[in-house]
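Asks: To start, I am sharing the structure in question, which I have written as C-alpha cells.
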Amino acid sequence: MDCLKEIKQTLTEENIGGFLITNAVNIHYITNFTGSESILLITPDRDYLFTDFRYIEQAQQDIPWIKVVEKKVSLERTICGKLKRLKIKKLYIESLHLTVYQYHEIIDGNSGIHLIPTKGIVEKYRKYKTDQELEKLRTAISIAENAYEGVRKKIQAGFSEKRIADFLEYEIRNRGGQRSSFEIICAAGKRASLPHARATERIIEGKEAVLVDWGASFQFYNSDLTRVCFIDKISPDYKKIYQIVLDAQDLAIDSIKPGRKAREVDGAARSYIEKKGFAKCFGHGLGHGIGLEVHEGPIINSRSKEILEENMVFTVEPGIYIPGWGGVRIEDMVLVTPSGCEVLSRAPKKLEEIAG
C-alpha cells in the first residue's frame, strides 16, 4: 500500500525509529486487520502488530507480512520491551489517539525515548478513495437507499419515531449491511428542529413531516443520507422551507470541482439560505468526509482550509432548523471527479417525488 510505503520512507528520511499507530481505524486502513485491542508499530525495516490471545490466529491469517506479537502482561509493557530491543529512541505517536496512560507507560518504560506527536498522517491518505473503496461506498449507499425505500412506504400516523428507526435498522441488515453507520435519527414534526434528535416513542401524527438521517455500513465503509417524508400533503410553509434547502444543496453541488476551496462550497449553500432570511437557522457545517468513519476528512464548513481534490468523498447537507416549528435537512454523498462531482446517492428528494 502506498500509505505504508510512504510512511516508511518518511521514517527513514527523518531518522525516526518508528511510528506507533493506536487508532483502530487507521490500523484497519493500513493492514486490513479487523480485530480490536491492538496497536501497530511501523519501522523502516519491519512492522509489528501487538494484540492479545483472542486475535493471534486471526492476525496471522489476515496479515502474514506483519510480525504478530502477543501481549503477556499489557500491551503497553509488551510494546516497551519491543522498543528496547529495537533500540528505538525517536518514535512518532498519534497525538489524538494515544492515551495519557499509554504515553507515560512508554516514557517510564524506555529511558531516553523521545515521543514525537503527529496529527493526520494516516488520515490524509484516507481522504482519497481508491476504486475498491468507492465500490464499497456505492454498495453501502445502495443498501441504505433500498432499506429506506422499503420503510418509507410503510410510514404512517400512529407509528413512533423509534418504530421507524427500528424498521430501518432491520432492513439495513436484511439487505446486506453489517449495521447502521450510526444511531438512526428520526424526528417528527417540531422535533425535527433538533439536528441530531434521538428517535423516541413519540407518536407521529397526521400531516407531520418526518426527518430521517440514516446510513449503512458495508465491509467497514459507511453511507450517510438524510431525507424528509410526509404523512399527508405538504403544507405551504413546509414546502417553502424545503425548497430553499433543496436549492441551497443544488447550488453547493454545482460548485464542487477540483481546486475549489471547501469553504466556498459551504458558502454557496450558506449565502443562499442567508439571503432567504434563515441565516441563524443553519448552524452546522455543510458536510464532512465519509469512509471508514462517518465523519472524517475533508471538512466542509465555513472555516475549512481544505482544497477539494479528485476522489474525495463527502456529504452535502444544508439544513434549516426553526425551534417550535420543525426542520429540514437534505443530505447526499458526492465524489469529486476530474471536472466536477458525481452525486453518489439517488434517493428521491424533489417535492413532486416525495409530497402527497
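The values are calculated or read from the model by the stated rules, or taken from the named source; none is laboratory data. Given the structure is predicted, the values throughout are model-derived calculations rather than measurements. No Cβ is skipped: glycine too gets one built from the backbone with ideal geometry, and neighbour counts run over all protein chains shown. Note: areas computed on protein heavy atoms with side chains; ligands, DNA, RNA excluded. Shrake-Rupley method; radii C 1.70, N 1.55, O 1.52, S 1.80 Å.
Yes/no matrix, rows are residues, columns are (1) assigned to a loop (DSSP other than H, G, I, E, B); (2) over 30 Å from GLY215 (Cβ atoms):
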site	(1), (2)
GLU57	no, yes
GLN60	no, yes
TRP65	yes, yes
ILE93	no, yes
HIS97	yes, no
LYS124	no, no
LYS136	no, no
ILE143	no, no
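Asks: In addition: Got a sec? Which of GLY259, GLY206 is free of Cβ contacts under 8 Å to residues at least 60 places away in the same chain, closer than 18 Å to LYS162 by Cα and open to solvent by 10 Å² or more (accessible area, probe 1.4 Å)? Steps first, please.
Replies: Working: GLY259 fails: closer than 18 Å to LYS162 by Cα.
Sole residue among the options that is free of Cβ contacts under 8 Å to residues at least 60 places away in the same chain, closer than 18 Å to LYS162 by Cα and open to solvent by 10 Å² or more (accessible area, probe 1.4 Å): GLY206.
Asks: Turning to a different aspect of this structure: With respect to GLU76, determine if the residue is among the acidic types (Asp, Glu) and under 25 Å from the mean Cα position of the chain (by Cα). So that I can check it myself, show each step before the final result.
Replies: Numbers: among the acidic types (Asp, Glu): yes; under 25 Å from the mean Cα position of the chain (by Cα): no.
When the stated conditions are applied, GLU76 does not pass them.
Asks: Are any residues in the range 309-346 surrounded by 20 or more Cβ atoms within 10 Å (Cβ to Cβ), in contact with a Ser or Thr (Cβ under 8 Å, 6 or more places away or on another chain) and among the aromatic types (Phe, Trp, Tyr), and if so, which ones?
Replies: TYR321
Asks: In addition: For the subset of the range 177-203 comprising residues that are surrounded by fewer than 16 Cβ atoms within 10 Å (Cβ to Cβ) and part of a strand (DSSP E or B), which member is nearest to the chain's Cα centre (by Cα)?
Replies: ARG179
Asks: Turning to a different aspect of this structure: Just checking, which of GLU123, GLU145 is in contact (Cβ under 8 Å) with a residue 24 or more places away in the chain, within 22 Å of HIS288 (Cα to Cα) and touching a Gly at 6+ places or on another chain (Cβ under 6 Å)? Outline the logic, then answer.
Replies: Values: GLU145 fails: touching a Gly at 6+ places or on another chain (Cβ under 6 Å).
After applying the criteria, what remains is GLU123.
Asks: Counting only residues that are among the acidic types (Asp, Glu) and at pLDDT 95 or above, which one in the range 180-216 is nearest to TYR321 (Cα to Cα)?
Replies: Initially, the range 180-216 is screened for residues among the acidic types (Asp, Glu), giving 183, 201, 205, 208, 213.
Narrowing the set further to residues that are at pLDDT 95 or above leaves 183, 201, 213.
Numbers: GLU183: 20, GLU201: 21, ASP213: 14 Å.
This residue is ASP213.
Asks: (1) closer than 14 Å to ILE66 by Cβ; (2) open to solvent by 10 Å² or more (accessible area, probe 1.4 Å); (3) not small (Gly, Ala, Ser): which one isn't true of LEU41, the others all being true?
Replies: So LEU41 meets the others, but not (2).
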